[in-house]
Amino acid sequence: MAGDSESRTEKASEKKRRDERKKGNVYKSQDIVNAVSILAIFVALDKMMPYIYKYLSQVMYKYLVSIKTISDISVKSALSIVRDCFLSLILIAGPIILIALFVGVLASGVQTKFAFSKEALKPKLSKISPLKGIKKMISLRSVVELFKSIIKAIIIGTVIFSSYKLIASDTVKLMSMDIFNSVVFVLQAVYKLVIRLSIAFVAIAVFDYLYQWWEYERSIKMTKQEVKEEYKQTEGDPVTRGRIKEAQRKISQQRMMQQVPQADVIVRNPTHFAVALKYDIEKNAAPIVVAKGQDFVALRIIEEAEKYNIPMMEDKPLARALYSEAELGREIPPQYYTATAEVLAWVYSLKKES
């Protein structure tokens with residue numbers, strides 16, 4: 001069957017790929033987007049941490065100085081604290097979230113070449129079909145996603161455990177540190193852990209990207225019948241093309257026959273080839289081929305020439321050579337000037353006699 005995936009053995013054509021892009025069907029790895037976004041968040045945190053620390057210190061100092069006891073807190077001051085905390089959260093988290101969004105969109109756009117399609121936004125009943133949902137659950141993609149989740153869990157556990165072993169011996173030092181140094185120590189440990197996890201996730205994302213590419217290429221493969229149908233749509237049906245060419249040939253012959261009465265002489269062989277020549281000494285450097293034909297077309301040229309009493313000379317080699325090498329509507333090749341001049345001299349002698 002045409003829709004059977006087993007029969008989809010042909011590589012997708014460029015037209016098929018363009019059509020799929022228009023539908024919004026492009027491949028990308030969401031793991032790459034997630035990994036790059038997480039990495040961007042913690043790189044931004046690392047670079048912005050001095051400013052965040054300074055800002056939070058100023059906010060905390062402001063309220064620790066102005067509010068010495070709990071009894072000093074009124075409804076108004078409490079609302080002010082909540083407002084300032086909310087504003088601080090926006091000022092701190094806002095830029096980081098924007099960076100993560102920008103990097104995520106960029107990572108997604110680079111993979112899809114910033115393809116956008118309205119087709120993907122249209123509601124489809126197939127998306128909520130229970131049967132389709134069951135098929136997705138038991139598909140190869142679901143198995144791969146399960147495998148990826150297991151790998152991620154193993155990697156996370158391994159990285160966290162190895163990181164814990166590295167810093168476990170140093171945790172005792174926290175007891176002798178002040179609050180600031182303790183916070184710095186913990187943040188550095190968390191930052192190193194996140195970097196290791198991000199590197200591991202990037203490795204998984206590369207694997208996922210290769211899988212998504214393979215799966216996409218497999219899903220857009222075409223059947224032999226689809227290739228034939230597409231060829232008919234782009235190049236036209238062979239039968240229709242044949243009919244069009246035949247019609248064009250007939251029109252061309254009809255126009256050519258209309259030029260025969262303007263010829264000065266017909267060179268023939270005697271019925272297999274016929275070439276009609278016209279020579280205007282004031283306009284042309286050499287005779288012009290106004291019509292030429294073989295077999296049936298040659299007979300038609302001869303018949304048309306007889307109607308208008310156009311002189312005809314039988315010269316088998318010249319007729320065959322002009323038919324093969326001279327172009328319609330163009331001057332004859334230079335190597336045939338001498339032979340053709342003898343023919344034209346004969347034509348002019350006939351006109352003088354008459």
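What follows is calculated from the coordinates using simple rules that are stated; it is not laboratory data. Just so we're clear, the structure is a prediction, and the values are computed from it rather than from any experiment. Cβ atoms come from the backbone with ideal geometry, glycine included; neighbour counts cover every protein chain shown.
Values as computed for the structure displayed
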| item | result |
| --- | --- |
| Cα gyration tensor shape of the stretch 283-326, rounded if a/c is under 1.5, else prolate or oblate by comparing a/b with b/c | oblate |
| The stretch 278-354: trypsin sites (Lys or Arg not before Pro) falling in loop per DSSP and having at most 12 other Cβ within 10 Å | LYS283, ARG330 |
| Whole-number percent relative contact order across the stretch 243-353, with pairs defined as alpha carbons under 8 Å at least 6 apart | 28 |
| Residue-by-residue Karplus 3J(HN,Hα) for the stretch 8-19, coefficients 6.51, -1.76, 1.60, Hz, glycine and proline x | 7, 10, 9, 5, 4, 7, 5, 5, 4, 5, 5, 5 |
| Cα-projected label distance for ASN25 with SER219, points at 7 Å along beta-carbon direction, nm | 0.8 |
| Extension gain, ASP178 back to ARG320 (0.36 nm per residue minus Cα-Cα distance, nm) | 40.4 nm |
| Scattering profile of the stretch 243-353 at q = 0.11, 0.13, 0.14, 0.21 Å⁻¹ [log10 I(q)/I(0), Debye over alpha-carbon scatterers] | -0.31, -0.44, -0.50, -1.13 |
| Spacing of the two label points (7 Å from each Cα toward its C-beta) at SER88 and ILE154, in nm | 4.4 |
| Amide H contacts of MET312 (H built 1.01 Å from N, under 5 Å, at least 5 apart or other chain) | ILE266 |
| Potential lengthening between HIS272 and ARG17 on full extension [0.36 nm per residue; Cα-Cα distance subtracted] | 86.7 nm |
| Stretch gain in nm, segment GLU327-PHE147, where the contour uses 0.36 nm per residue and the Cα spacing is subtracted | 57.9 nm |
| LEU210 versus LYS232: modelled label distance in nm, points set 7 Å from Cα along the beta carbon direction | 4.1 |
